[in-house]
Amino acid sequence: MRYVIVGGSIAGASATRAIRTNDPEGTIVMVTTEKPFYYRPLIPLIIDDEITQEDIFFPEDIQKSHGIQMINDRAVALDTEKKELTLESGNMLEYDKLLIATGSVPLLPDVPGTEKAFTLRTLTDAHKIKEAAAGASRTVILGGGFVGIKAAGALLKLGLNVTIIEKLPQILFPRLDQKSAAMVQKKITEKGVGVITTETITEVLDDGVSLTSGDVIEADLVILAIGVSPNIGWLERSGLKTEKAVVVDEFLKTSAEDCYAAGDVVQAMDLVEERPAVSVLWTNAVDMGKAAGTNMAGGKKRYPGLLSVLNATEIEGLPMVSVGAVADEGGEVFIETGNGGYRKLVFRDDRLIGAIFMGRLKNSGIYTNWIKNQTPLGNLKDKAIKGTLSYVDFMPKQ
Amino acid sequence: MDAIYVKPDRCMGCRSCEISCAVQHSEGKTLFSALLESPAPMKRLFVEATESVKMPILCRHCEDAPCLNACISGCLYKDENGFVRRKKERCIGCWTCMMVCPFGVVTRDVNKHLAVKCDRCHKLEVPACVNACPTKALVVKNLDEIPKEKRQNVILAETG
Ligand SMILES: Cc1cc2nc3c(=O)[nH]c(=O)nc-3n(C[C@H](O)[C@H](O)[C@H](O)COP(=O)(O)OP(=O)(O)OC[C@H]3O[C@@H](n4cnc5c(N)ncnc54)[C@H](O)[C@@H]3O)c2cc1C
Ligand code: SF4
């Protein structure tokens, strides 16, 4: 069996592990444009030298331990009839089973001058920003999502003057609700980051950005962090079914035989929103890669779906976990504040569909599991609200 | 694989296991010195109770561990005995493991900015909690020796 994986990041790695578990013999070929197997979420830490170049790569050499033939090239076309890939070099690559794991690429605003700005998606991007920051004193970051805020934190540590511009009235939508986002905004502004909400740019200039209000903010480093879009351009003529991203079934199989997809490049069912969503999260990519790899190697592993919001992080001393439908104000909502923390639970009927924990995170995983499984809460709803839910509550009665 | 087996019907809720866990993970490793340490040493298991049951909740060292799968920094790994352990220096304190552990047994060391979890006392013959339990509500058992129905009932090694 000849497996070909396009994209050497976490979805590809996770699939490789699953393939090897199920098929120790098959040939695994991986085509990728980057140096493979690093922890993408850690790249902001490269900017201010919080971690070393070495610590960003996987500790295990999975290329060696899993016997992967690595090809440093770009897939530019796919023929699912002939089961063949065309690479940028002109080489062709045949497969028995294919995994598309090309992830996502930064979304750019539709304004002039974006070529003068930076994005933060790859390790190379992080190095470029680091270099540019060395000679800079002011930076503007477009987009108040986690990536923008992480970049802001790193650049602030390097001593730059940082301004974040966010189109919506709140930062971190839809990963946090208004109140918790305001708490994060307070933390970062206290540290010295300027945050302008309900505003966007009309042009990237040589020495800054112009805003819709007509104002100009001077900057010698502009970072665009307004989100990502699935990397599906190269599949345009393949005939594969795509909508927002590559369409897959419950087994991560695409519309073509023997062709699977996983990670940021696919859309899958959101477990609480009950509609197809693009994940853009590491954790989801791990699970999808595992299911896809298992199925490619002849197993049968259903992928139940993803959570579009499944975030944990710490920003300026404020730890947080946010899961499920947390931002929309529909549903029955319970909120608790105090001690600089915040806890929100969102219920739909007898089910928990969203949770935010800020400050105190203990047992948050129990809630995550409930949101994932969508099990009715029954008489445990009260305990969930009181925050006294523990694993004992799920023990079968003796 | 050896696992710590919990017998809820024997647990009195005395928290001896919690104390010995914290002591084992202290600098001085004695109760006396641990009490004086600041910040206080952290326990890795938690005695929890409902109206009908008391029992310690501890890391199951899951075969397909959600924490390890989700870790975004390569800090968690499986050691040669199948225990889910931590490469401390790799932890960036992102709390992704806390977000996904279905048992709620990963916690946060606020001072060191590190995720904290059971390391199965890998340097000891018998884990500190097991050693400390006066009623033998905690015992080390080979999982394969326990009938499957019972295993699922009590040990819940599978996490979905
Ligand atoms: C700064 C930052 C912080 C993040 N923080 C978090 C976090 O805290 N938690 C979280 O869950 N997620 C986080 N994410 C998101 C997470 O990194 C992604 O969801 C994850 O990397 C997706 O994995 P993937 O394998 O699907 O795709 P990607 O990681 O995007 O990898 C795709 C790979 O395919 C290669 N490729 C693309 N096109 C081709 C082609 N045509 N031919 C060959 N190779 C190709 C690319 O070079 C790339 O290496 C963060 C992302 C960033 C940028
Ligand atoms: S998910 Fe929780 S119980 Fe399972 S190995 Fe990790 S810390 Fe232990």
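The values are calculated or read from the model by the stated rules, or taken from the named source; none is laboratory data. Predicted, not measured: the structure shown is a model, and the values here were computed from it. Please note: Cβ atoms are built from the backbone with ideal geometry, for glycine as well, and neighbour counts cover all protein chains shown. Areas reflect the complete protein model, heavy atoms only, side chains present, ligands, DNA and RNA absent. Shrake-Rupley method; radii C 1.70, N 1.55, O 1.52, S 1.80 Å.
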May I ask for the Rg/Rh ratio of the protein assembly as shown, computed from Cα atoms with Rh as the Kirkwood radius, given to two decimals?
-> 0.97
Based on alpha-carbon positions alone, could you give the equivalent ellipsoid semi-axes of region B:38-151 from the gyration tensor, as √(5λ), descending, whole Å?
-> 24, 17, 15
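Report the antiparallel proportion of the DSSP beta bridges in region A:1-149 as a percent, rounded to a multiple of 5.
Details: 8 of 22 bridges.
Of the beta bridges lying entirely in region A:1-149, close to 35 percent run antiparallel.
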Within straight cross-link reach of B:K123, meaning Cα distance under 27 Å, which lysines are found once same-chain residues fewer than 8 apart are removed?
-> A:K362, B:K7, B:K29, B:K43, B:K78, B:K87, B:K88, B:K112, B:K136, B:K141
Check A:G144: other-chain or 5+ apart residues with amide H under 5 Å from its amide H, H built from backbone geometry?
-> A:K167, A:L172
If you build a Gaussian network model of chain A, linking Cα atoms that sit under 10 Å apart, which residue out of A:L98, A:L306, A:L107 swings the most?
-> A:L107
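Identify the GluC sites (Glu not before Pro) of region A:184-250 meeting these criteria: DSSP loop state and at most 11 other C-beta atoms within 10 Å of the C-beta. Let's see the in-between values first.
Values: sites: A:E190, A:E199, A:E203, A:E218, A:E236, A:E243, A:E250; in loops: A:E199, A:E243, A:E250.
Those that pass, being in a loop and sparsely packed, are A:E243.
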Counting only heavy atoms of the protein chains, get the accessible area per residue of chain B (1.4 Å probe) and round it to a whole Å² value.
-> 49 Å²
How much accessible surface area, in Å² rounded to 10, belongs to the heavy atoms of A:S89 with a 1.4 Å probe?
-> 70 Å²
Which far-off residues, 5 or more places away or on another chain, put their amide H under 5 Å from the one on A:A77, with H placed in the peptide plane?
-> A:T86
Whole Å is fine, so just give me how far the alpha carbon centre of region B:29-91 lies from that of region A:246-280.
-> 34 Å
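Can you give the longest stretch of chain B with no exposed loop site, where a site means GluC sites (Glu not before Pro) in a DSSP loop (not H, G, I, E or B) with at most 10 other C-beta atoms within 10 Å? Each step should come with its number before you reach the end.
On the way: sites that count: B:E27, B:E51, B:E80, B:E125.
So the longest stretch without any such site is B:81-124.
Ordering A:T21, A:T32 by accessible area with a probe of 1.4 Å, largest first, what comes out? Please list the in-between numbers first.
Details: A:T21 115, A:T32 10 Å².
The ordering from most to least exposed comes out as A:T21, A:T32.
Return the inverse of the average 1/r over all pairs of distinct C-alpha atoms in region A:182-285, which is the Kirkwood hydrodynamic radius, in Å to one decimal. Walk me through the numbers before you get to the answer.
Working: mean 1/r = 0.0581 Å⁻¹.
17.2 Å is the Kirkwood radius here.
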GluC sites (Glu not before Pro), restricted to region A:317-357: which are DSSP loop and have at most 12 other Cβ atoms within 10 Å?
-> A:E329
Mean residue ellipticity at 222 nm from the helices of chain A, using -39,500 (n - 2.57) per DSSP H segment of n ≥ 4 over the full residue count, to the nearest 500 deg cm²/dmol?
-> -6500 deg cm²/dmol
Select from region B:45-60 all residues whose loss of accessible area on going from the chain by itself to the full protein assembly reaches 50 Å² or more (probe 1.4 Å).
-> B:E48, B:T50
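Calculate how many DSSP beta bridges within chain A are antiparallel, expressed in % of all such bridges and rounded to the nearest 5.
Details: 48 of 81 bridges.
Of all bridge pairs located within chain A, approximately 60 percent are antiparallel.
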Note the full-extension length gain between A:R348 and A:K35 as 0.36 nm times their separation in residues minus their Cα-Cα distance, in nm to one decimal.
-> 108.3 nm
Quick one: divide the alpha-carbon radius of gyration of region A:328-394 by 2.2 N^0.38 Å and tell me what you get.
-> 1.03
Spin-label zone in region B:14-43 - amide nitrogen under 17 Å from a point set 7 Å from the Cα of B:N131 along the C-beta vector | B:16-35, B:42-43
What share of the DSSP beta bridges in region A:114-224 is antiparallel, in percent to the nearest 5?
-> 35 percent
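Interface B/A, total buried accessible area with a 1.4 Å probe, nearest 100 Å²? Before the final figure, lay out the partial values.
On the way: alone 9430 and 18400 Å², together 24740 Å².
Answer for the B-A pair: about 3100 Å² buried.
Find, among the GluC sites (Glu not before Pro) in region A:32-109, those assigned to loop by DSSP (not H, G, I, E, B) with at most 14 other beta-carbon atoms within 10 angstrom.
Details: sites: A:E34, A:E50, A:E54, A:E60, A:E81, A:E84, A:E88, A:E94; in loops: A:E34, A:E50, A:E54, A:E60, A:E81, A:E88.
Loop-located and lightly packed - A:E50, A:E54, A:E60, A:E81, A:E88.
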Tell me the label-point distance for the pair A:D328, A:D258, using the 7 Å Cα-to-Cβ offset, in nm and rounded to one decimal.
-> 4.1 nm
What are the radius of gyration and Dmax of region A:136-225, computed over its Cα atoms and given in Å?
-> 12.2, 36
Note every residue of region A:12-52 with a reduction of at least 40 square angstrom in accessible area, all protein chains present versus the isolated chain, computed with a 1.4 Å probe, or write none.
-> A:Y39, A:L42
Quick P(r) readout (region A:257-364; Cα-Cα; 10 Å bins; whole %) gives 14, 37, 30, 15, 4, 0
Solvent-accessible surface ranking, highest first, for A:S213, B:S33 at 1.4 angstrom | A:S213, B:S33
Would you mind telling me which residue in A:T375, A:T122, A:T163 has the biggest mean-square fluctuation in a Gaussian network model of chain A, where springs connect alpha carbons within a distance under 10 angstrom?
-> A:T375
Under a Cβ-Cβ cut-off of 11 Å, what is the net charge of the residues other than B:V130 that fall near it, where Lys and Arg count +1 and Asp and Glu count -1?
-> +1
Name the long-range amide H neighbours of A:T119: under 5 Å, sequence gap of 5 or more, or other chain; modelled H, no Pro or chain starts.
-> A:L224
Name the residues of region B:66-89 whose accessible area, probed at 1.4 Å, falls by at least 50 Å² once all protein chains are in place instead of their chain on its own?
-> B:N69, B:I72
Determine ³J(HN,Hα), in whole Hz, for all residues of region B:25-38 in sequence, where each value follows from phi through the Karplus function 6.51 cos²θ - 1.76 cosθ + 1.60 and θ = phi - 60°; x replaces Gly and Pro.
-> 9, 9, 5, x, 6, 10, 4, 4, 5, 4, 5, 8, 6, 9
For region B:97-145 and region A:94-116, what is the separation of their C-alpha centers, rounded to whole Å?
-> 42 Å
Quick one: what does P(r) look like for region A:60-125 with 10 Å bins over all Cα pairs, in whole %?
-> 14, 33, 32, 17, 3
Pairs of lysine in region A:114-224 with Cα under 16 Å and at least 8 positions apart or on different chains: total?
-> 11
Would you give the gap between the C-alpha center of region A:1-58 and the C-alpha center of region A:146-200, rounded to a whole Å?
-> 30 Å
Quick one: Karplus J couplings for region A:158-171, per residue in order, coefficients 6.51, -1.76, 1.60, θ = phi - 60°, nearest Hz, x for Gly and Pro?
-> 7, x, 7, 7, 10, 10, 9, 10, 10, 5, 7, x, 10, 7
Rounded percent of accessible protein surface that carbon and sulfur make up, the protein assembly as shown, 1.4 Å probe | 49 percent
